[in-house]
Amino acid sequence: MMTIKQLSVFLENKSGRLNEILDILGKADIRIIAATVADTSEYGILRLITSDTARAYEELKSHSVSAQQNDVVALTCRSMADVLATQLRSFAQEGLSIEYMYCFSIRERAFMILRTSDSAQIEKVVSKYGLSIITEKEFLQL
Amino acid sequence: MKRADLEALQIKRLKETLRVALRSPFYKTRLEEAGITPDSIRTLNDLRKIPFTTKNDLRNHYPFGLVAASMDQVVRLHSSSGTTGNPTVICHSQHDLEQWANRVARCLYMVGLRNHDVFQNTSGYGMFTGGLGFQYGAEKLGALTVPAAAGNTIRQIKFIRDFGTTAIHAIPSYVSRLYEVMREMNIDPQTDTKLTTLIIGAEPHTDAQRRKIEESLGVKAYNCFGMSEMSGPGVAFECQEQNGLHLWEDCYIMEIIDPQTLEPVPDGEIGELVLTTLDRDAMPLIRYRTRDLTCILPGECPCGRTHRRIDRLKGRSDDMFIVKGVNIFPMQIENILMQFKELGTNYLITVDTVNNNDEVMVEVELSDLFTDDYSQLQGLTREITRQLKDEILLTPKIRLVDKGAIPQSQGKAVRVKDLRKNK
């Protein structure tokens, strides 16, 4: 599997809502490995990589939180701007656009979680340009 | 009956109705004050000179102030629950009951039921008119009529199977319940019962819900409309075309009015249904404001009947609100929201003045997050906005909210919050 599971959560634009959602996950003993919040003026979407996406989803659902499980790709490279640029260029060269991306780094290594316009094409790009993918299992061990 | 003949009959019966109504204390005062006599009516337009009758009139003259016959002639009464004040009471003579049964029989005949049918009525019997109203009507038709009454679903299903029930009258939500229990009992309604026809009403439902009922039970389902003030069931009924309900104009005069201006609205436009009884002698009602919203469907029905059709009910006029001169009914908004499978069933309409401008905001619950892509979420909002604008002629603001974020009120849901200072 090239992809890893992500949990997207609808975030109503009201104070304390993010806390409520994190509390639900915290009580269920879910570990959050990566997170990002994107927002518009009316609502936001919280995107999470967690230790157990399926269970986190069920927990949220039982609290009437609108959420969705979906697939994203996690890449890793050296945490240097030029290296990152090279990686991303390969997507552009294949005509894939990046819908969103969030990154974090551990010491010298950068990790990028991204969603492209055509996820079916990812495999081709990864093998053609020799990008390093992180599997879900590896990711959870970070 | 030709339209011209039907309208001539209406005028004749209207004059007779006024003559009868003048015997009741209420109408004697009301009509004399307005200077109305039976001779004031020459054309149907003259009806508009007569004042409306409202539910409050019935309450204020509880219980017998509108009775026009001698009490010796009154043989039955039905009454509303009276949860919000005095109940409304409707009295019937033998003649009224006879004509009421005839109307219901006519409705059932229209949807194809005959004397060999077995008709099971799941309405509550007693004060509620859906019980006895359908009982007498189906008996008048000659059908074997089973007064099963409400509840006890397992027993209902046993009756359906043992008696070979072909037709059922039920509220739509109870039909779903019947179907669920049949499935739990491993009964296939299509092969294990003789059901062909369902009469559904008394509860707002959409055409999509009707189709679902038809598919699951393998029947034809017909929408019916009635109200206790107009005797009960049998005021208007769908024919086999299933496109609008023929309102029996030999027994009622219908008007559709703007609930604010009280002026008539053109055919096809939504307004409040106003009814005048034409064939009731214990307690005629003249220009009774039903508070039910509907519209007259323009054009002739392919079935050939000349009684005009009303659309399925669009809600209650008490719920109407006006923004920038446009009358808006929550049901119009609800019907559109319900078409989006991405949305839940709860919504709240807020009207407020923002920078001297009246704005409509619709908060609606997401059923689940169907995408994590903003452009798709925004596309959904745009599409809802567009469809609502086509319907209510204003551009509302749409806010997507979490499931359960809209507080559920006890009892009837509050759908409209009007925060304007100058309403």
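For Cα pairs less than 8 Å apart in space and 6+ apart in sequence, what is the mean separation divided by the residue count of chain B, i.e. the relative contact order in percent?
12 percent
Could you work out how far apart the two model spin labels at B:THR306 and A:GLN121 are, taking each label as a point 7 Å from the Cα in the direction of the beta carbon, and quote it in nm?
6.8 nm
Of the listed pairs A:LYS14/B:LYS341; B:LYS158/B:LYS194; A:LYS61/B:LYS403; A:LYS27/A:LYS61, which have alpha-carbon separations greater than 21 Å here?
As for pairs spanning more than 21 Å Cα to Cα, those are A:LYS14/B:LYS341.
Determine the sum of side-chain charges near B:GLU238: Lys and Arg each +1, Asp and Glu each -1, restricted to other residues whose C-beta is under 10 angstrom from that of B:GLU238.
+3
Report, as an integer, the average count of C-beta atoms from other chains found within 10 Å of each Cβ along A:66-75.
Taking all residues of A:66-75 together, the mean is 3.
Report the antiparallel proportion of the DSSP beta bridges in chain B as a percent, rounded to a multiple of 5.
DSSP beta bridges in chain B are roughly 60 percent antiparallel.
Quote the charge dipole size of the protein assembly as shown about the Cα centre in Debye, to the nearest 20; the model charges only the Cβ of Lys and Arg (+1) and of Asp and Glu (-1).
Value, rounded to 20: 700 debye.
Taking chain B as a Gaussian network, Cα atoms linked when under 10 Å apart, which of B:THR165, B:THR371, B:THR381 shows the biggest mean-square fluctuation?
Maximum fluctuation in the GNM of chain B, among the listed residues, is at B:THR371.
Out of every Cα-Cα pair in the stretch B:201-271, what percent are more than 18 Å apart?
More than 18 Å apart: 52 percent of the Cα pairs in the stretch B:201-271.
Would you mind ranking A:SER41, A:SER117, B:SER228 so that the residue whose beta carbon has the fewest other beta carbons within 10 Å leads the list?
Lowest to highest Cβ neighbour count: A:SER41, A:SER117, B:SER228.
Using per-residue counts of other Cβ atoms within 10 Å, averaged over each peptide, order B:1-11, B:302-312 from highest down.
Descending packing order for the listed peptides: B:302-312, B:1-11.
Per residue, what volume in Å³ does the convex hull of the Cα atoms of the protein assembly as shown enclose?
Dividing the Cα hull volume of the protein assembly as shown by its residues yields 206 Å³.
Could you work out the mean projected area of the convex hull around the alpha carbons of chain B, in square nanometres to one decimal?
For the Cα atoms of chain B, the hull's average projected area reads 23.1 nm².
Which one of A:GLN69, A:SER15, A:VAL37 has its Cα pushed farthest toward the positive end of the charge dipole of the stretch A:3-70, where Lys and Arg give +1 and Asp and Glu give -1 at the Cβ?
After comparing all options, I get A:GLN69.
Summarise the partner chain shielding of A:10-17 as one whole number: the mean count of Cβ atoms from other chains within 10 Å of each residue's Cβ.
Mean partner shielding for this stretch: 3.
Modelled label-to-label distance, A:GLU20 and A:ARG107, 7 Å Cα→beta-carbon offset: nm?
4.2 nm
In whole angstrom, and with the biggest value first, how far do the Cα coordinates of the stretch B:34-106 range along each principal axis?
Answer, in whole Å and largest first: 35, 33, 26 Å.
For the stretch B:321-418, give the share of DSSP beta bridges that are antiparallel, in percent and rounded to the nearest 5; count only bridges with both residues there.
Within the stretch B:321-418, antiparallel bridges account for around 60 percent of the total.
Assign unit charges at the C-beta atoms only (+1 for Lys and Arg, -1 for Asp and Glu), then state the dipole size of chain A relative to its Cα centre in Debye, rounded to the nearest 20.
Roughly 300 debye, rounded to the nearest 20.
Using a Gaussian network model on chain B with a 10 Å cutoff between Cα atoms, which of B:VAL74, B:VAL235, B:VAL104 fluctuates the most?
B:VAL74
What lysines could a cross-link reach from A:LYS128, if we take a straight Cα to Cα line under 30 Å and drop same-chain neighbours fewer than 8 places away?
A:LYS5, A:LYS137
If neighbour count is taken as other Cβ atoms inside 10 Å, put B:VAL416, B:VAL146 in order from fewest to most.
Exposure proxy ranking, most exposed first: B:VAL416, B:VAL146.
Could you give the distance between the Cα centres of the stretch B:265-326 and the stretch B:362-383, to the whole Å?
A separation of 36 Å, based on Cα centres.
Over all directions, how big on average is the projection of the convex hull of the alpha-carbon atoms in the stretch A:72-140, in square nanometres?
Seen from a random direction, the Cα hull of the stretch A:72-140 projects 4.4 nm² on average.
If you take the charge dipole of the stretch A:72-140 about its Cα centre, with +1 on Lys and Arg Cβ and -1 on Asp and Glu Cβ, which of A:SER132, A:GLN121, A:TYR102 is farthest toward its positive end?
Of the candidates, A:SER132 comes out farthest on the positive side.
Considering only the protein assembly as shown, what is the antiparallel percent among its DSSP beta bridges, to the nearest 5?
Bridges in the protein assembly as shown that DSSP calls antiparallel: roughly 75 percent.
Expressed as a rounded percentage, what relative contact order does the stretch A:58-142 have, with Cα pairs under 8 Å and six or more residues apart?
That works out to 32 percent.
What relative contact order, as a whole-number percentage, does chain A give when Cα pairs under 8 Å and 6 or more residues apart are counted?
RCO, chain A: 27 percent.
Can you give the mean number of other chain Cβ atoms that lie within 10 Å of the Cβ atoms in peptide B:398-407?
Average per residue, whole number: 5.
Quick check: net charge around B:LEU217, other residues with Cβ under 13 Å of its Cβ, Lys/Arg +1 and Asp/Glu -1?
Combined, the nearby Lys, Arg, Asp and Glu give +2.
Name the residue farthest towards the positive end of the dipole of chain B from the options B:THR385, B:LEU245, B:VAL323, assuming +1 on Cβ of Lys and Arg, -1 on Cβ of Asp and Glu, about the Cα centre.
Farthest towards the positive end: B:LEU245.
Distance between Cα centroids, the stretch A:48-83 to the stretch B:29-51: provide it in whole Å.
Answer, in whole Å: 73.
Over 19 Å apart: what share of the alpha carbon pairs of the stretch A:3-70 falls there, rounded to a whole percent?
Counting pairs separated by more than 19 Å, the tail of P(r) holds 22 percent.
Using unit Cβ charges (K, R positive; D, E negative) and no other charged atoms, how large, in debye to the nearest 20, is the dipole of the stretch B:92-318 about its Cα centre?
For this selection, approximately 640 debye.
Taking the number of other C-beta atoms within 10 Å as the exposure measure, put B:MET283, B:MET254, B:MET320 in order starting with the fewest.
Neighbour counts put them in this order, fewest first: B:MET254, B:MET320, B:MET283.
Taken together, the values in this text are just the output of simple stated rules run on the coordinates, not laboratory data. Bear in mind that the values here come from a model prediction, so they are computed numbers and not experimental data. Note: ideal-geometry Cβ built from the backbone for every residue, glycine included; neighbour counts use all protein chains shown.
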